[in-house]
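Q: The structure is given below, and queries will be raised subsequently.
The values are calculated or read from the model by the stated rules, or taken from the named source; none is laboratory data. On a predicted model such as this, the values are computed, not experimentally measured, just so you know. For neighbour counting, all protein chains shown are included, and Cβ atoms are generated from backbone atoms with ideal geometry for every residue, glycine included. What goes into the accessible areas is simple: the full protein's heavy atoms, side chains included, and nothing from ligands, DNA or RNA. Shrake-Rupley method; radii C 1.70, N 1.55, O 1.52, S 1.80 Å.
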Amino acid sequence: MKLGIYGGTFNPIHIGHLQIVKEFIRRLKLDKLLLIPTATPPHKEAKNLASAEQRLAMCRLAVQEVAKADVSDMGKIR
């Protein structure tokens, strides 16, 4: 299985992110792409950041129609 991983803040996830997801899948001939929203962005201070749960839910809704894409909550600090 050829797996791609795409992580980010996704605050919020938008059409540009989805285009990247689709292009990764197509160009890299992926069997699956895993989108991983990070709970706390390590590289930037994000003002007005939606909660980790909200961004996870937004990502899940956004990729419902994208074949071969799924979302993981592994970026959430437990």
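Q: Under the condition of being open to solvent by 20 Å² or more (accessible area, probe 1.4 Å) and of a type in the set (K, R), which residue from segment 27-71 is nearest to G8 (Cα to Cα)?
A: K44
Q: While we're on this one: Could we say that P12 is over 9 Å from the mean Cα position of the chain (by Cα) and either of a type in the set (D, E, K, R) or open to solvent by 90 Å² or more (accessible area, probe 1.4 Å) (or both) here?
A: Working: over 9 Å from the mean Cα position of the chain (by Cα): yes; either of a type in the set (D, E, K, R) or open to solvent by 90 Å² or more (accessible area, probe 1.4 Å) (or both): no.
No.
Q: Name the pairs: first residue in segment 1-24 and closer than 14 Å to V66 by Cβ and at pLDDT 95 or above, second residue aliphatic (A, V, I, L, M) and open to solvent by 80 Å² or more (accessible area, probe 1.4 Å), Cβ to Cβ under 8 Å, at least 6 apart or on different chains?
A: Once the first residue is closer than 14 Å to V66 by Cβ and at pLDDT 95 or above and sits in segment 1-24, its partners that are aliphatic (A, V, I, L, M) and open to solvent by 80 Å² or more (accessible area, probe 1.4 Å) give G4/L28.
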